[in-house]
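Below: the structure, in structure tokens.
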Amino acid sequence: MVASLINDATTRITTALGLEKRDARLDARVLATHVWGVDAAWLIAHDTDPVSDAHIAGFETLLARRLQGVPIAYLVGTREFYGRPFRVSANVLIPRPDTELLVELALARIPPDMPMDVLDLGTGSGCLAITLALERPLAHVTAVDRSTAALAIAQRNADILNARVEFLASDWFAALAGRRFNLIVSNPPYVAAADPHLTRGDLRFEPRTALAAGLDGLDDLRRLAAAARIHLKPGGALLMEHGYDQTDAVQALLRENGFPSPQSWADLAGIPRVSGGVLSE
Ligand code: GLN
């Protein structure tokens, strides 16, 4: 029956991945609702129902991949970000709640009644660019990624969510010569190459190029900070996500590159997560 299948899967996920039982149960439920095309309420209401062999087989197929560590978002193909569902594949980073801080900070700098030019560097699934475009319909949002596979997903998300975003294949600013923006945002790779987190949990299955950035994790933040100035309009702003221990380094990079009064903001967990500044006049 449904309940024992979920219980059994919960135990197997807990053992295989060392997750908290509560998280493992959530995983099992999400997989079941996904393969069976039902919702969470159905699972509860049908607790004691028998499960057909076909439904068991479908569930087991997905569960086997979860037991190998494949992230839930890749198995079900979607992850919610800022209240909207985004398609994801193993070619893009899974959107994280931490990054909603970057959305809030960006929205605070894009007046709803002004046609501003906004750039998202390394857009991945497109979650940042698409959210900004939907929340600020007058803004012209450009989003770049070096990965054409990522751009295909981002474009598909924009189509599904009805967002108007200009997508370009570009290694950071490479394809943007001569273009200037009012606001540049980025969630670049910022994990140090030897960080053990890269070899654990969901991160093992995410594109390494979207996560790791050199010995100290600052390689891309350095490049972005150095080049942002020539792509900002007067009074333009730069906002970049970074690691919990990179605030001082990123503030220094901003100061060195034309942003005299950098600021940093903490995410919901209280961890400094975004730094940015306004270009000196
Ligand atoms: N915050 C992510 C993590 O540590 C890293 C995301 C990134 O490198 N942009 O899981």
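The values are calculated or read from the model by the stated rules, or taken from the named source; none is laboratory data. Everything numeric here is computed off the predicted structure, so don't read it as measured data. Cβ atoms come from the backbone with ideal geometry, glycine included; neighbour counts cover every protein chain shown. Accessible surface is based on the protein model in full, side chains and every heavy atom, while ligands, DNA and RNA are left aside. Shrake-Rupley method; radii C 1.70, N 1.55, O 1.52, S 1.80 Å.
Data table
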| item | result |
| --- | --- |
| Selection from segment 136-151 of residues that are open to solvent by less than 60 Å² (accessible area, probe 1.4 Å) and outside any loop (DSSP other than H, G, I, E, B) | V141, T142, A143, V144, D145, A149, A150, L151 |
| Given (1) in contact with a helix residue (DSSP H, G or I) (Cβ under 9 Å, 6 or more places away or on another chain); (2) in a loop (DSSP other than H, G, I, E, B); (3) within 15 Å of the ligand (Cβ to nearest atom); (4) among the aliphatic types (A, V, I, L, M), number of the condition L176 does not satisfy | (3) |
| From the options Q251, Q246, Q263, residue that is surrounded by fewer than 17 Cβ atoms within 10 Å (Cβ to Cβ) and at pLDDT 95 or above | Q263 |
| Residue match in segment 213-229 (condition: under 21 Å from S89 (Cβ atoms) and not polar (S, T, N, Q)) | no |
| The listed residue being more than 14 Å from the chain's Cα centre (by Cα), away from the ligand (no atom under 12 Å from the Cβ) and open to solvent by less than 30 Å² (accessible area, probe 1.4 Å), out of I130, I184 | I184 |
| Which numbered condition E206 fails, given (1) within 16 Å of the chain's Cα centre (by Cα); (2) within 22 Å of L105 (Cβ to Cβ); (3) crowded, with 21+ Cβ neighbours inside 10 Å | (2) |
| Selection status of T48, without any contact (Cβ under 8 Å) to a residue 24 or more places away in the chain and either open to solvent by less than 50 Å² (accessible area, probe 1.4 Å) or more than 25 Å from R79 (Cα to Cα) (or both) | no |
| Residue that is over 25 Å from E281 (Cα atoms) and in contact with a Gly (Cβ under 9 Å, 6 or more places away or on another chain), where the choices are L132, L203, L168, L151 | L151 |
| R156 being open to solvent by 40 Å² or more (accessible area, probe 1.4 Å), more than 15 Å from the ligand (Cβ to nearest atom) and part of a loop (DSSP other than H, G, I, E, B) | no |
| Flag if A169 is within 16 Å of the ligand (Cβ to nearest atom) and touching a strand residue (DSSP E or B) at 6+ places or on another chain (Cβ under 9 Å) | no |
| Listing of helices (runs of 4 or more DSSP H) fully contained in segment 33-76 that carry 1 or more residues being charged (D, E, K, R) and closer than 15 Å to A9 by Cα | 53-67 |
